[in-house]
Amino acid sequence: MKVSEYELDYDDIRGQIRQLIKSESSSSVAVRYIRNYYSSDGSFIWIDRHGMDSRADTLLAFISKVDEMGFKKELFRVSQIEEDLNRVRKLDFDKSSNSINKVFARLEYNLSRAFIRYSTGQNFGFVNPSVILNRDPDNNGESARMVYKYQFDIKIEHPTDSFYKKTLMVMRGGDMGGFLREIQPKRKLYNQLQDRLNSGTLSEKEWFTTLCNMERCRWNEKIVEEDCEKYVLVNIPSFMLKAVDGDSVLTMRVCCGEPRTKTPLLTSEIVRMELNPMWNVPYSIAKGIAGSTGYMVRNNMFIYDKKKGRLPVSEASRELILSGQQRIVQEGGPGNSLGRIVFRFENNFSVYLHHTSSPWAFQSANRAISHGCVRVEKPYELAVFLMKEKDMNLAGKIKYSMTYSMKKDSEGNLVKSSVKKDSLVRSVKVEPNIPVFLTYYTLYPDNSGKLVEYKDVYGYDRRIIEQLKPYAKRR
């Protein structure tokens, strides 16, 4: 005998789903995708001829632990799903808000919504760094002329239509447990941070800092250092560089961009080393010294004019420098602001790793002092690290090229003949190219593996936490 309270009406269920869509408050891309799916009368995913697909329990096993990730369960409607699944198992329906069709409609929509939101967040991150970190409130006015206005250029994967279609295929009958395990963050640091988050010993600030760095681990970077046998990594908040080659690790202090001219976050490959490079003085500095002929002479500078080529500083025009028609260039060699060696890698910011003529800067605790480039404490050691074969003859030439000085005659002019030309090198290719990562973690393991907290020097944590806070829940 049919009992009306237990009879599924598929048209009624669709109508109930449409009502749920109308009341949807989330504007996330993932939720919008599933909302459009049901608005277009997509076939039911969780409801079958036996009632409710048992794989709902698989999904529930994952989303019921989101509080261990620092998120409110309400973000995934866990309580409602648990309640409705319990009603289905006990046939606990009524003729009002918990009628069989309303319960099944809620389960159908909420399970799909939870699955796609969870999958997208764990696989790509719950916030988009390309948007959040490239809206820099510090870079306005004059500094808006600079490419440093854009800070995040790490190559990361974003959810695409093909990813959403894959999630639908998994929901319809794929290996749901395998898929949900596969999309978990891969970085070892993530698990270390999650253990810290759930330690129960953190202050509110420490807890949110941990949550923020867990989010960084979710960003689906196309290449990460853990996939590389040999690489160079700079973590800006710690002002440290780590060069890793298997079990061999070289560490050194670095100086990074000050908050107005931040060092951008990026991934690239070091392709060559240049010895005694010339320095194209950045606009932010050039505008301050454009009329100081004496200063430019003392610092071995010249003018490059786009129409006339190289000119003495006496022919510098402040107006042309400010308009970009002329630029100030410092000769390479002793006293050059870039130091004696530059490590070049492709990027959209004209930044690089380099030596410095101001080595005392490495003794400061706050080393956010540059105009965007990264100054390295041990440039010669880094140069040797980058060499595939430790050619000691070439290493000797690099050493000489970095340390020679020219004598002066009785009138104070440099005597170029005092330099051993056969011991000089100008450029050395790095073959194979070595991956370089300019990263930003305010919680990062030290050499012993212990997590150390660093100052949020650029204020990035604050921006990320602001986006996560509405969904966060301390245990």
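The values are calculated or read from the model by the stated rules, or taken from the named source; none is laboratory data. Here the structure is a predicted model, which is why all the values come from computation and not from measurement. Every residue, glycine among them, receives a Cβ derived from its backbone with ideal geometry; neighbour counts consider all protein chains shown. The accessibility values were calculated without ligands, DNA or RNA, using every heavy atom of the protein model including side chains. Shrake-Rupley method; radii C 1.70, N 1.55, O 1.52, S 1.80 Å.
Output the relative contact order of the stretch 169-245, whole-number percent, from Cα pairs under 8 angstrom with separation of 6+ residues. It rounds to 20 percent for the stretch 169-245. With respect to the chain, whose longest principal axis is taken over its alpha-carbon atoms, helix 188-197 is tilted by about 60°. Between the helical axis of 10-22 and the longest alpha-carbon principal axis of the chain there is an angle of about 40 degrees. On the chain, 47 percent of the accessible area sits on carbon and sulfur atoms, based on a 1.4 Å probe.
Listed by chain and number, the aspartates and glutamates placed with their C-alpha closer than 16 angstrom to that of Lys397 are Glu274, Glu381, Glu389, Asp422; residues fewer than eight positions away on the same chain are left out. For the stretch 4-133, the residue among Gln16, Tyr38, Val131 whose Cα projects farthest onto the positive side of the dipole built from Cβ charges is Val131. Values (1) 115, 50, 39; (2) 129, 46, 41; (3) 76, 57, 46 are given for comparison; Cα extents along the principal axes in Å, derived from the coordinates here, is the one labelled (1). Accessible area of Thr58 (1.4 Å probe, protein heavy atoms only, ligands and nucleic acids ignored): about 50 Å².
Sorting 377-383, 174-180, 199-205 by their mean Cβ neighbour count within 10 Å, with the most densely packed peptide first, gives 377-383, 174-180, 199-205.
Taking Cα atoms only, the orientation of helix 204-218 departs from the longest principal axis of the chain by about 90 degrees. When the listed pairs Lys399/Lys421; Lys65/Lys166; Lys188/Lys450; Lys165/Lys469 are checked against a 21 Å cut-off, the alpha-carbon distance exceeds it for Lys65/Lys166; Lys165/Lys469. Take every Cα pair under 8 Å whose residues are at least 6 apart in sequence, average their separation, divide by the length of the chain, and the relative contact order is 18 percent.
Could you rank the peptides 288-295, 187-194 by their average count of other C-beta atoms within 10 Å per residue, with the highest value first?
Details: 288-295: 14.0, 187-194: 17.9.
Answer by packing, highest mean first, reads 187-194, 288-295.
Ranked highest first by average number of other Cβ atoms within 10 Å, how do 160-172, 306-318 line up?
Numbers: 160-172: 15.2, 306-318: 12.8.
Ranking, from highest mean packing down: 160-172, 306-318.
Straight-distance candidates among the lysines for linking to Lys155, with alpha-carbon spacing under 18 Å and chain neighbours fewer than 8 residues away dropped: Lys186, Lys222.
Can you tell me the accessible area per residue over the chain, all protein chains present, probe 1.4 angstrom, in square angstrom? Don't jump to the answer; show the numbers that get you there.
Working: 23440 Å² over 475 residues.
With all protein chains present, the chain gives 49 Å² per residue.
Bridging of Lys307 to lysines at a Cα separation below 27 Å is possible for Lys287, once same-chain residues fewer than 8 apart are set aside.
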